[in-house]
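What follows is one structure encoded as structure tokens, with my remarks underneath.
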Amino acid sequence: MPIVAVIPQPNASVAVCEVPSPELEKDSALLDVELSEVCGTDVYLQQGRLQGVPYPLVPGHVSVGRLNKIRGTILDVEGRKFREGDRVTFLDVHRTCNACWYCLVAKATTRCPQRKVYGITYGLDDGLCGGWAEQIYLKPGTRCIRLDAPAETFMAGGCALPTALHAVERGEISIGDTVLVLGSGPVGINAIILSLMRGALRVFCIGAPEGRLEVAREAGALAVLSFEAHSERERFEWVLERTSERGADVTIEAAGAPDAVVQAMRFTRDAGRVVIVGQYTDHGPVSTETAFNPHLDLNQKHLDVRGCWGSDFSHFYRSAEIVSDPVRSAPWAALRNDLDRYTLADANRALADVASRRVFKALITP
């Protein structure tokens with residue numbers, strides 16, 4: 001019987017228990033988990049801040065492992081059969097219908113009303129469907145992706161890598177652009193790496209705490225600034241000093257604070273682009289101290305502001321391709337020393353460390 005870590009209900013401690021092994025359906029598989037991520041979404045799950053969560057559940061929506069048992073046939077996107085023993089990751093989004101208006105007309109599969117997510121909207125009653133476990137049941141139709149890279153290299157990016165890839169694409173970063181990243185968590189760090197890979201000449205980062213800003217430097221940020229030690233005015237002047245008094249060509253908001261959205265607009269040059277990716281969870285309204293002025297902050301500046309929510313299969317697939325490449329994977333391989341590992345029994349401590357930003361990236365090692 002596999003051992004799992006379960007969030008029984010909102011604001012409850014994680015409990016470790018055994019659950020029955022699943023009966024495999026046709027074209028399904030059992031995955032032996034090597035590593036699974038503990039991210040900010042998992043903190044919000046424990047705090048009950050996400051809607052539509054079927055507690056109790058096993059968290060862990062992005063994982064890496066080896067296929068233990070396959071019943072039937074599972075193919076990759078190139079039509080090749082997966083075999084038992086293959087190392088894979090998989091798209092955590094499942095059951096996207098490819099038949100509704102959002103899928104077929106808007107081309108926005110992240111908004112499909114049928115989508116379910118491993119470790120988030122699949123609960124324990126749905127089966128062994130989260131990565132904080134010795135094994136995951138990969139339901140029929142789960143999109144597996146071959147991973148020709150060490151598990152640690154892919155998980156150095158983790159769920160933040162495809163999310164940041166989506167954000168960087170939304171920002172249409174061009175060769176020679178100056179990019180500002182607000183937030184030095186995993187999404188912000190991956191946005192730094194990918195912005196440079198896409199052609200940015202220089203990337204600046206405003207974030208906190210100092211440990212994460214050091215990771216931002218390692219990732220390639222030309223200069224970093226702590227928002228904890230500097231006022232908004234000081235941050236604004238810091239950006240202007242480094243951008244010929246214009247502001248960034250592209251700003252990626254990955255901070256998750258409502259006020260950071262308005263600051264992203266103010267720190268961007270006229271006719272620049274702003275991508276909002278840090279508001280995956282409802283963090284509430286902008287504070288009254290940072291009132292948004294539609295004329296001054298948006299329209300007069302002629303800004304192009306784009307939301308970015310989640311990612312789709314193409315982002316996961318290309319993320320796996322990048323970290324499997326011996327040359328392109330170097331930035332993530334370098335981040336492996338910044339990973340902190342926890343056992344299933346230490347899941348509560350892992351959540352606390354992520355919530356307090358004491359670590360850059362926490363991983364569960366079942």
Discussion item. Suppose we filter region 138-149 for residues that are surrounded by fewer than 24 Cβ atoms within 10 Å (Cβ to Cβ) and either under 15 Å from residue 338 (Cβ atoms) or out of contact with any helix residue (DSSP H, G or I) (no Cβ under 9 Å at 6 or more places or on another chain) (or both); how many remain?
Written reply: 4
Item to complete: Restrict the check to region 63-75 and report whether at least one residue is touching a Pro at 6+ places or on another chain (Cβ under 6 Å) and open to solvent by less than 50 Å² (accessible area, probe 1.4 Å).
Response: no
Practice prompt. Filter region 212-267 for residues that are open to solvent by less than 20 Å² (accessible area, probe 1.4 Å), over 18 Å from the mean Cα position of the chain (by Cα) and β-branched (Val, Ile, Thr) and give the result.
Written response: 239, 243, 250, 262
Worksheet item: Can you tell me which of 250, 224 is farther than 21 Å from residue 285 by Cα, touching a helix residue (DSSP H, G or I) at 6+ places or on another chain (Cβ under 6 Å) and either without any contact (Cβ under 8 Å) to a residue 60 or more places away in the chain or not in a loop (DSSP other than H, G, I, E, B) (or both)?
Response: 224
Worksheet item: Across region 199-211, what is the number of residues that are outside any loop (DSSP other than H, G, I, E, B) and either surrounded by fewer than 18 Cβ atoms within 10 Å (Cβ to Cβ) or in contact with a Gly (Cβ under 7 Å, 6 or more places away or on another chain) (or both)?
Response: 5
Item to complete: For region 78-109, name all the residues that are open to solvent by less than 100 Å² (accessible area, probe 1.4 Å), in a loop (DSSP other than H, G, I, E, B) and over 20 Å from residue 138 (Cα atoms).
Response: 99, 100, 105, 106, 108
Worksheet item: So, in region 335-352, of the ones that are among the hydrophobic types (A, V, I, L, M, F, W, C) and open to solvent by less than 60 Å² (accessible area, probe 1.4 Å), which residue ends up farthest from residue 63 (Cα to Cα)?
Response: 352
Worksheet, complete the sentence: Taking first residues from region 194-205 that are more than 17 Å from residue 253 (Cβ to Cβ) and second residues anywhere that are assigned to a helix (DSSP H, G or I) and of a type outside the set (A, V, I, L, M), the pairs with Cβ under 6 Å that are 6 or more apart or on different chains are none
Discussion item. Tell me the residue from 70, 120 that is touching a strand residue (DSSP E or B) at 6+ places or on another chain (Cβ under 7 Å) and modelled with pLDDT of 95 or more, please.
Written reply: 70
Worksheet item: What are the residues in region 356-366 that are closer than 18 Å to residue 188 by Cβ and either surrounded by fewer than 16 Cβ atoms within 10 Å (Cβ to Cβ) or of a type outside the set (Gly, Ala, Ser) (or both), if any?
Response: 356, 357, 358, 359, 360, 361
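Please enumerate the residues belonging to region 150-165 that are more than 23 Å from residue 16 (Cβ to Cβ), open to solvent by less than 10 Å² (accessible area, probe 1.4 Å) and part of a loop (DSSP other than H, G, I, E, B).
Residues of region 150-165 more than 23 Å from residue 16 (Cβ to Cβ): 150, 152-154, 156-157, 160-165.
If we keep only those that are open to solvent by less than 10 Å² (accessible area, probe 1.4 Å) as well, we get 153-154, 156-157, 160-162, 164.
Residues satisfying the conditions do not exist here.
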Worksheet item: Only one of (1) at pLDDT 95 or above; (2) more than 16 Å from the chain's Cα centre (by Cα); (3) among the charged types (D, E, K, R) fails for residue 358. Which number is that?
Response: (1)
Fill in: Odd one out for residue 184 among (1) part of a loop (DSSP other than H, G, I, E, B); (2) open to solvent by 10 Å² or more (accessible area, probe 1.4 Å); (3) within 23 Å of residue 341 (Cα to Cα)
(2)
Worksheet item: Can you tell me which residue in region 272-305 is surrounded by the most Cβ atoms within 10 Å (Cβ to Cβ), limited to those that are acidic (Asp, Glu), over 22 Å from the mean Cα position of the chain (by Cα) and not in a strand (DSSP E or B)?
Response: 297
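Table: residues versus (1) within 30 Å of residue 337 (Cβ to Cβ); (2) without any contact (Cβ under 8 Å) to a residue 60 or more places away in the chain; (3) of a type in the set (Val, Ile, Thr).
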{"position": "65", "(1), (2), (3)": "yes, no, no"}
{"position": "69", "(1), (2), (3)": "no, yes, no"}
{"position": "78", "(1), (2), (3)": "no, yes, no"}
{"position": "112", "(1), (2), (3)": "no, yes, no"}
{"position": "116", "(1), (2), (3)": "no, yes, no"}
{"position": "123", "(1), (2), (3)": "no, no, no"}
Discussion item. Given the condition surrounded by 15 or more Cβ atoms within 10 Å (Cβ to Cβ) and within 13 Å of residue 137 (Cα to Cα), answer yes or no: does some residue in region 48-59 qualify?
Written reply: yes
Worksheet item: Taking region 311-357, which residues are in a loop (DSSP other than H, G, I, E, B) and touching a residue at least 24 places away in the same chain (Cβ under 8 Å)?
Response: 311, 312, 324, 328, 329, 357
Worksheet item: Quick one: in region 122-134, which of the residues that are out of contact with any Phe, Trp or Tyr (no Cβ under 7 Å at 6 or more places or on another chain) and buried (at least 23 other Cβ atoms within 10 Å of the Cβ) is nearest to residue 61 (Cα to Cα)?
Response: 131
Practice prompt. Kindly list, by first and then second residue, each pair from a residue in region 1-23 that is under 11 Å from residue 128 (Cα atoms) to a residue that is open to solvent by less than 50 Å² (accessible area, probe 1.4 Å) and charged (D, E, K, R), limited to pairs with Cβ atoms under 6 Å and residues at least 6 apart or on different chains.
Written response: none
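The values are calculated or read from the model by the stated rules, or taken from the named source; none is laboratory data. These numbers come from a predicted model, not from an experiment. Cβ atoms come from the backbone with ideal geometry, glycine included; neighbour counts cover every protein chain shown. Surface accessibility is based on the protein's heavy atoms, side chains included, excluding ligands, DNA and RNA. Shrake-Rupley method; radii C 1.70, N 1.55, O 1.52, S 1.80 Å.
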